[in-house]
Structure formats: C-alpha cells, structure tokens
1. Give me Rg/Rg_expected for the chain, where Rg uses Cα atoms only and Rg_expected = 2.2 N^0.38 Å with N residues.
2. Need the full-extension length gain, Arg44 to His22, defined as separation in residues times 0.36 nm minus the C-alpha distance. One decimal, nm.
3. Helix 21-34 versus the longest principal axis of the chain: what is the Cα-based angle in degrees, 0 to 90, to the nearest 10?
4. So how do 44-54, 19-29 stack up, highest first, on mean other-Cβ count within 10 Å?
5. Want the number for Tyr36 to Met8: 0.36 nm per residue separation, take away the alpha-carbon distance, what's left?
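Readers should treat all values here as calculations from the given coordinates under stated rules, not as data from a laboratory. Quick caveat, the model's predicted, so the values are computed rather than measured. For neighbour counting, all protein chains shown are included, and Cβ atoms are generated from backbone atoms with ideal geometry for every residue, glycine included.
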Amino acid sequence: MPSPVPGMDPYLEDPAVWPDVHQRFITYLSDEMQQYLRPQYSARIGERIYLIDSLR
C-alpha cells in the first residue's frame with residue numbers, strides 16, 4: 001500500500017509506534033558520516049546551520 005503522504009511515512013513517524021526511531025537513526029547516521037569527513041570536521045547532533053543565499 002503506498003504512503004498516503006508523499007515524501008514521508010506517517011506510520012514510521014508515529015511516536016506511539018516508534019518512540020525512539022529518530023534519535024537512534026540520527027545517532028547512527030552521525031557515526032556513519034563521521035568516517036567520510038576530513039579530520040578537522042565532525043558530524044554534530046543537535047546543532048543547526050542555516051545557509052542564506054544572498055543572490056535570491
């Protein structure tokens with residue numbers, strides 16, 4: 001059955017069904033990404049960086 005909401009899975013994102021899926025996935029993804037980053041960079045969890053395109 002296709003997802004009723006394109007681009008997301010409301011069943012996977014339901015906190016009653018998967019209470020910690022986001023925290024675990026983000027932690028796993030951060031650990032996996034780190035091996036591909038140069039030594040002076042680090043994958044940080046909980047930090048946001050906003051880029052603004054000045055040519056818009």
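1. Here the Cα radius of gyration is 1.58 times the empirical estimate.
2. Difference between extended and current length: 6.4 nm.
3. Tilt relative to the chain: about 30 degrees.
4. On the way: 44-54: 6.1, 19-29: 11.3.
Packing proxy ranking, top to bottom: 19-29, 44-54.
5. On the way: separation 28, 0.36 × 28 = 10.08 nm, distance 2.67 nm.
Stretched out fully, the Tyr36 to Met8 stretch lengthens by 7.4 nm.
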